[in-house]
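J.: Sharing a structure below in structure tokens format, with a few things to ask.
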Amino acid sequence: RRERELEDLKELAQRVQDFDPESATLFDELPLSQPTVVGLKQSHFTTLTSIQKRAIPLALKGKDVLGAAKTGSGKTLAFLIPLLECLYCNQWAQFDGLGALVISPTRELAIQIFDVLRKIGRAHSFSAGLVIGGKDVQVERDRISRLNILVGTPGRVLQHMDQAAGFDTGNLKMLILDEADRILDMGFKKTVDAIVQHLPKERQTLLFSATQTKSVADLARLSLSSTTAEYISAHEKA
Ligand code: ADP
Ligand code: MG
């Protein structure tokens with residue numbers, strides 16, 4: 001059974017490598033793992049939006065991505081699908097600790113992201129948690145060391161990184177900054193810089209924003225790989 005799984009993983013990796021980034025219109029046409037295919041089907045997602053069409057294939061190939069597209073254009077799936085695939089392809093398991101971190105500017109947006117993650121990730125076996133403050137920090141801390149995926153607001157995530165023994169970010173594969181423009185507008189620049197300091201340099205970073213501003217470009221310069229990052233804007237109707 002184990003051998004079969006490894007064969008499937010190798011085949012998926014090959015499909016990702018061979019995939020022409022511009023070619024998919026439907027989720028069915030993307031090189032995705034079976035659990036993600038199931039999650040998307042059960043959530044009734046069939047056709048890619050413009051930003052998803054452009055960002056997902058590149059992110060699946062391991063590129064850093066700065067994606068700009070207006071509110072309502074489907075940015076959440078544009079990063080959550082690559083997140084699930086990244087951990088799946090790395091055969092992430094409970095004992096591997098934190099594999100992916102999603103930073104969102106507000107509690108409400110973090111909760112929305114987490115709900116979408118739960119829906120499309122339901123056939124995966126990763127553990128995921130929400131860290132947004134307003135809950136007992138000790139209760140959050142006890143759970144945090146067992147999580148594979150963390151969605152949270154900047155201040156609270158950094159608080160845990162600074163305080164929690166057992167919150168090991170040393171294996172992290174993927175960092176996602178959602179609504180980067182709002183993160184900056186809300187004055188979280190220093191907090192995000194400090195979070196990035198806690199993370200391994202060798203990782204994939206996806207940064208999404210509704211607008212392209214100079215400060216977003218500055219943040220991208222600090223957090224994305226300067227050699228491989230792809231800059232995408234999809235401002236046509238999604
Ligand atoms: P953004 O983050 O860009 O503001 P969201 O990711 O919140 O956008 O998506 C906006 C809405 O579009 C949500 O209700 C979401 O379920 C829906 N949506 C996203 N992608 C698709 C898709 N491929 N097909 C149909 N609906 C989608
Ligand atoms: Mg969004």
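J.: Being modelled with pLDDT under 95, of a type in the set (A, V, I, L, M, F, W, C) and under 24 Å from Pro57 (Cβ atoms) is the filter; apply it to region 181-222 and report the residue that is farthest from ligand 1 (Cβ to nearest atom).
T.: Checked region 181-222; the qualifying residue farthest from ligand 1 (Cβ to nearest atom) is Ala217.
Conditions (1) of a type in the set (Val, Ile, Thr); (2) within 18 Å of Ala100 (Cβ to Cβ), marked per residue:
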| residue | (1), (2) |
| --- | --- |
| Glu7 | no, no |
| Lys10 | no, no |
| Ser23 | no, no |
| Leu26 | no, no |
| Leu30 | no, no |
| Val37 | yes, no |
| Lys61 | no, yes |
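J.: Still on this structure: Please list, ordered by residue number, the helices (runs of 4 or more DSSP H) wholly in region 1-111 having 2 or more residues that are of a type in the set (Gly, Ala, Ser) and surrounded by 16 or more Cβ atoms within 10 Å (Cβ to Cβ).
T.: In region 1-111, the matching helices (runs of 4 or more DSSP H) lie at 50-60.
J.: Identify, from the list Lys201, Lys189, the residue that is more than 16 Å from ligand 2 (Cβ to nearest atom) and farther than 22 Å from Gly99 by Cβ.
T.: Lys189
J.: Can you find even one residue in region 91-106 that is in contact with a His (Cβ under 7 Å, 6 or more places away or on another chain), closer than 20 Å to Asp178 by Cβ and either modelled with pLDDT under 95 or more than 14 Å from ligand 2 (Cβ to nearest atom) (or both)?
T.: No, because not a single residue in region 91-106 is in contact with a His (Cβ under 7 Å, 6 or more places away or on another chain), closer than 20 Å to Asp178 by Cβ and either modelled with pLDDT under 95 or more than 14 Å from ligand 2 (Cβ to nearest atom) (or both).
J.: Another question about this same structure. Please give the number of the condition Phe79 fails out of (1) more than 30 Å from Pro154 (Cα to Cα); (2) in contact with an Asp or Glu (Cβ under 9 Å, 6 or more places away or on another chain); (3) of a type outside the set (Ser, Thr, Tyr); (4) touching a residue at least 40 places away in the same chain (Cβ under 8 Å).
T.: Only one criterion is unmet by Phe79, namely (1).
J.: Applying the selection to region 57-84, what residues are in contact with a Ser or Thr (Cβ under 6 Å, 6 or more places away or on another chain) and more than 16 Å from ligand 2 (Cβ to nearest atom)?
T.: Answer for region 57-84, where residues must be in contact with a Ser or Thr (Cβ under 6 Å, 6 or more places away or on another chain) and more than 16 Å from ligand 2 (Cβ to nearest atom): Lys63, Asp64, Leu84.
J.: Also: Can you list residue pairs whose Cβ atoms sit under 8 Å apart, with the first residue in region 33-55 being under 18 Å from Asp115 (Cβ atoms) and small (Gly, Ala, Ser) and the second being away from ligand 1 (no atom under 13 Å from the Cβ) and part of a loop (DSSP other than H, G, I, E, B)? Count only pairs 6 or more apart in sequence or on different chains.
T.: Sorted first by the residue in region 33-55, then by its partner, the pairs are Gly39/Gly121; Gly39/Arg122; Gly39/Ala123; Gly39/His124.
J.: Every residue in region 112-130 that is of a type in the set (Lys, Arg) and either within 12 Å of ligand 2 (Cβ to nearest atom) or buried (at least 17 other Cβ atoms within 10 Å of the Cβ) (or both), please.
T.: none
J.: Scan region 141-153 for residues that are in a helix (DSSP H, G or I) and surrounded by 20 or more Cβ atoms within 10 Å (Cβ to Cβ) and jot them down.
T.: Ile144
J.: Return the only residue of Val131, Val102, Val65 being touching a residue at least 12 places away in the same chain (Cβ under 8 Å) and away from ligand 1 (no atom under 16 Å from the Cβ).
T.: Val131
J.: Only one residue in Ile183, Ile144, Ile149, Ile232 is of a type in the set (A, V, I, L, M), touching a residue at least 60 places away in the same chain (Cβ under 8 Å) and touching a Phe, Trp or Tyr at 6+ places or on another chain (Cβ under 8 Å). Which one?
T.: Ile149
J.: Another one. Checking the structure you have, find out if any residue of region 118-135 is closer than 27 Å to Thr213 by Cβ and part of a helix (DSSP H, G or I).
T.: Within region 118-135 (the criterion being closer than 27 Å to Thr213 by Cβ and part of a helix (DSSP H, G or I)), the answer is no, since none of the residues qualifies.
The values are calculated or read from the model by the stated rules, or taken from the named source; none is laboratory data. Note that this is a predicted model, so its numbers are computed, not measured. Using ideal geometry, Cβ is built from the backbone for each residue, glycine included, and neighbour counts are taken over all protein chains shown.
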